[in-house]
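Here's the structure we're looking at; comments come further down.
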Amino acid sequence: MEETTLMVAVLNNKTVLISEIEEVPASIPGEPDCKFVNPFEIKGDTLVPWLYDYTDERNVLISSDRILTLVEPKKTFIDKYKDLTK
């Protein structure tokens, strides 16, 4: 199993997510190559489940070219994330 890392991802459309992120090999160029596990959108100081209105899936595949940047989350967001994903 691949190692996952908790990161904040800023997508090209300015959506800011906190999620465990795992690289997955793309068999064809352009296919999604990042797996977001339990993604939450950061809205101010609140974490809101991302796409949960549309799907029950907790793993979302995204192409890395849709990610503007990845950064380490602040401790307050790490604590909130861990509390929500217990």
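The values are calculated or read from the model by the stated rules, or taken from the named source; none is laboratory data. This one's a predicted model, so the numbers in the text were calculated from it and none came from an experiment. Note that we place each Cβ from the backbone using ideal geometry, even for glycine, and neighbour counts take in every protein chain shown. These accessible areas exclude ligands, DNA and RNA; they are computed on the full protein's heavy atoms, side chains included. Shrake-Rupley method; radii C 1.70, N 1.55, O 1.52, S 1.80 Å.
Under the Kirkwood approximation for Rh and a Cα-based Rg, what ratio Rg/Rh is obtained for the stretch 46-86? Here the Rg-to-Rh quotient is 0.99.
Over the stretch 30-80, Cα pairs under 8 Å with separation of 6+ residues give a relative contact order of 42 percent. Modelled label positions at residue 12 and residue 69, each set 7 Å beyond Cα in the direction of Cβ, lie 1.8 nm from each other. Figure legend: label point modelled 7 angstrom from the Cα of residue 79 along Cα→Cβ; residues of the stretch 40-70 with amide N under 17 Å from it are 45-47.
Take residue 41: with every protein chain present and a 1.4 Å probe, its accessible area is about 40 Å².
Dipole magnitude of the stretch 15-77 about its Cα centre, charges +1 at Lys/Arg Cβ and -1 at Asp/Glu Cβ only, in debye to the nearest 20?
On the way: 6 positive and 12 negative charges, 51 e Å.
So the magnitude is around 240 debye.
Taking every Cα-Cα distance in the chain and sorting them into 5 Å bins from zero, the calculated P(r) comes out as 3, 15, 26, 27, 19, 8, 2, 1 percent.
Kindly sort 19, 63 by accessible area of their heavy atoms, largest first, with the probe set to 1.4 Å. Present the calculation step by step, with values, prior to reporting the outcome.
Details: 19 0, 63 20 Å².
Ranking 19, 63 by accessible area, largest first, yields 63, 19.
If you line up the long axis of helix 75-84 against the longest principal axis of the chain, both from Cα atoms, how many degrees apart are they, to the nearest 10? Between helix and principal axis, roughly 80 degrees.
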